[in-house]
1. Please determine, by comparing only the residues of the stretch 241-266 that are surrounded by fewer than 15 Cβ atoms within 10 Å (Cβ to Cβ), outside any loop (DSSP other than H, G, I, E, B) and not small (Gly, Ala, Ser), which one is modelled with the highest pLDDT.
2. Looking at the stretch 33-61, which of the residues that are part of a loop (DSSP other than H, G, I, E, B) and of a type in the set (Ser, Thr, Tyr) is surrounded by the most Cβ atoms within 10 Å (Cβ to Cβ)?
3. Looking only at the stretch 141-162, decide whether some residue is in contact with a Leu (Cβ under 9 Å, 6 or more places away or on another chain) and modelled with pLDDT under 85.
4. Would you confirm, using the coordinates I've provided, whether LEU222 is out of contact with any Lys or Arg (no Cβ under 8 Å at 6 or more places or on another chain), part of a helix (DSSP H, G or I), of a type outside the set (Asp, Glu) and surrounded by fewer than 22 Cβ atoms within 10 Å (Cβ to Cβ)?
5. Out of the residues in the stretch 322-332 meeting the condition of being hydrophobic (A, V, I, L, M, F, W, C) and in a loop (DSSP other than H, G, I, E, B), tell me which one is nearest to LYS291 (Cα to Cα).
6. Starting from the stretch 103-118, take each residue that is of a type in the set (Val, Ile, Thr) and list its partners that are not in a helix (DSSP H, G or I), counting only C-beta distances under 9 angstrom and pairs at least six apart or across chains.
7. Suppose we keep only residues that are touching a Phe, Trp or Tyr at 6+ places or on another chain (Cβ under 9 Å) and charged (D, E, K, R) within the stretch 170-228. Which one would you say is modelled with the lowest pLDDT?
Amino acid sequence: MTGIRFDSVSVAYHGNTVLDSLDLTVEPGEVMALLGPSGSGKTTALRAVAGFVRPVAGRVLIGGRDVTDLPPHRRGIGMVVQQYALFPHLKVAENVAFGLRAQKAPKAGIPARVAEVLELTGMAAYAGRYPRELSGGQQQRVAIARALAIRPGVLLLDEPLSALDATLRSGMLAELARLHRELPEVSILYVTHDQVEALTLADRIAVMDRARLQDCGTPQDLYRRPSTEFTASFVGQANLLPVSVAEDGVRFAGRELVLDTGRAAPGAGATLCVRPHVLGLGEGPNALRGKITEVQWRGSTHRLYVDVDGHRVTAELPELRETPALGDEVTLHFAPQDAVLLAAGAGDG
């Protein structure tokens, strides 16, 4: 069993800090997603674990061992990148065997190990094909098989599904989840900018922005009870509405709302976080009245955009039998327990 620890890790290029004092632990057997926009530092963090960049400060530990100064091939890691990086002149089995041969594994045991990981990834029937004869999803499975062949304690996945179309991406997410169940001893660091991938696969999500760790928690906690505006807006979709806190409750655009104010001080400004899918159409608690500005049909759901006193509110509703027209006045409502009150400025970094 192994894990990963970032101990105040900083990385800089030409004096520009791209990863700033990262403290983070990936527990043995855990899937940790690094989620954030481009330039947030997530890929740099993964490359620091891989040994492709050298921190200017701090340490990287794998399985409790300081690997900061070790070359990549001595770290016991497997890595899968978004463009597969398969050797076009080698057949599938030869691609998968490459890392084993590079590590000078006993030749007699290589075919059996290759067959084992190809079976694990559902690619056993394609061992004799060249990469050009495979689909994108099949090539990605081969890349994963190659990474697993060396029996790594740590598996690094850098945007592994970004080159796939939506259908293939969904299928590969299910395959990665299955692999995690069958390989519970492998710690996985998964870099993505895709919220669905992080929410689907990760045990915990580390939210990155502007080279720093902004938040970390389980997908459920970050989605249902975000602590910052950035987390609320980046982990799923959110309506973020400015409210004021009074002794007797919370007010939004002159309306009184029934909410748990938590530690918010009376007289302070705050931000109300309400997920689109918790909004109902019609009268109910915490009513928000406004005019329809846009309607989107999404198959099983309708998405409504409603102007509420100059604030755009998004509602995700089960498919409606009668679709409201643009300009119609509607009422949305939400239960007190479905909203979160964030302190003003939370998430400014």
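1. Here the answer is PRO242.
2. Here is the first cut: in the stretch 33-61, the ones part of a loop (DSSP other than H, G, I, E, B) are 36-41, 51-56.
Of the ones still in play, those that are also of a type in the set (Ser, Thr, Tyr) are 38, 40.
Values: SER38: 7, SER40: 24.
Taking the candidates together, the pick is SER40.
3. The first filter runs over the stretch 141-162 and keeps only residues in contact with a Leu (Cβ under 9 Å, 6 or more places away or on another chain), leaving 141-150, 154-158, 160-161.
Remaining after also requiring modelled with pLDDT under 85: 160-161.
Yes, the stretch 141-162 contains a residue that is in contact with a Leu (Cβ under 9 Å, 6 or more places away or on another chain) and modelled with pLDDT under 85.
4. On the way: out of contact with any Lys or Arg (no Cβ under 8 Å at 6 or more places or on another chain): yes; part of a helix (DSSP H, G or I): yes; of a type outside the set (Asp, Glu): yes; surrounded by fewer than 22 Cβ atoms within 10 Å (Cβ to Cβ): no.
Answer is no for this residue.
5. Keep residues of the stretch 322-332 that are hydrophobic (A, V, I, L, M, F, W, C), which gives 325-326, 330, 332.
Remaining after also requiring in a loop (DSSP other than H, G, I, E, B): 325-326.
Working: ALA325: 10, LEU326: 8 Å.
So, considering only residues that are hydrophobic (A, V, I, L, M, F, W, C) and in a loop (DSSP other than H, G, I, E, B), the one nearest to LYS291 (Cα to Cα) is LEU326.
6. VAL114/ALA127; VAL117/MET123
7. The extreme case among them is GLU197.
The values are calculated or read from the model by the stated rules, or taken from the named source; none is laboratory data. None of these values were measured; they are calculated from a predicted model. As a convention, Cβ positions derive from the backbone with ideal geometry for all residues, glycine included, and neighbour counts pool all protein chains shown.
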